Amino acid sequence: MKNLKYLFILLIATTFSGCGVYNFTGTGAIDAKTFQVNFFQNNADLIEPGIDRQFTLALQDLIQNQTNLNLVSTGGELTYEGEIVDYRITPMTATAVTPTGDVGAAQNRLTIRINVRFTNKKKETDDFERTFEFYFDFPGNELPTGSVLNTAIQTIFERITQDVFNESLAKW
């Protein structure tokens, strides 16, 4: 019985000393305490009103939900800034020619590209500037409005914000 007690203590000590700092978002120890996300201006040729604000808020929310960093409006130790540089809708596959001679798109793709500048005041080697892009395909007979547009933007922003997070904090 006495040996079982020592074995149990050894097992617990080994379990808690093995991996060091770990969390479920994949970030290591973050040296900063604050972050700021500056407004991402929409500089795309095709303007969809409101997506600049949507992206800015989506990035703020993701970082707040996956870290214990505090959001500040100025002077953040980690700073995210940039602009939406491309918003385009492209036909992906064509339909057959109809008897009237019309050719349409069987599938369209909404693509959004965002340029991000990340600054880490505590560790300047982590600084970067790069573009992140993702897309959403939708049927050619639907217009990118209403629920189709909302779903597309939400899907695209979820992917891009996660990619930005991984590049800046998770180092994946």
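The values are calculated or read from the model by the stated rules, or taken from the named source; none is laboratory data. Nothing here was measured: the structure is a model prediction, and the numbers come from that model. Backbone-built Cβ (ideal geometry, glycine too); neighbour counts: all protein chains shown. Just so you know, the surface numbers come from the protein's heavy atoms only, side chains and all, with ligands and any DNA or RNA stripped out. Shrake-Rupley method; radii C 1.70, N 1.55, O 1.52, S 1.80 Å.
What do you reckon, is GLN64 open to solvent by 50 Å² or more (accessible area, probe 1.4 Å), in a helix (DSSP H, G or I) and either touching a residue at least 24 places away in the same chain (Cβ under 8 Å) or among the hydroxyl-bearing types (Ser, Thr, Tyr) (or both)?
Details: open to solvent by 50 Å² or more (accessible area, probe 1.4 Å): yes; in a helix (DSSP H, G or I): yes; either touching a residue at least 24 places away in the same chain (Cβ under 8 Å) or among the hydroxyl-bearing types (Ser, Thr, Tyr) (or both): no.
For GLN64, the condition - open to solvent by 50 Å² or more (accessible area, probe 1.4 Å), in a helix (DSSP H, G or I) and either touching a residue at least 24 places away in the same chain (Cβ under 8 Å) or among the hydroxyl-bearing types (Ser, Thr, Tyr) (or both) - is not met.
When you go through (1) surrounded by 10 or more Cβ atoms within 10 Å (Cβ to Cβ); (2) at pLDDT below 60 one by one for THR15, which number turns out not to apply?
With respect to (1) surrounded by 10 or more Cβ atoms within 10 Å (Cβ to Cβ); (2) at pLDDT below 60, THR15 is out only on (1).
GLY82: modelled with pLDDT of 95 or more, within 15 Å of VAL164 (Cα to Cα) and open to solvent by less than 20 Å² (accessible area, probe 1.4 Å), yes or no?
Values: modelled with pLDDT of 95 or more: yes; within 15 Å of VAL164 (Cα to Cα): yes; open to solvent by less than 20 Å² (accessible area, probe 1.4 Å): yes.
Judged against the criteria, GLY82 is a match.
So, PHE55, is that one at pLDDT 95 or above and assigned to a strand (DSSP E or B) or not?
Numbers: at pLDDT 95 or above: yes; assigned to a strand (DSSP E or B): no.
No, not satisfied.
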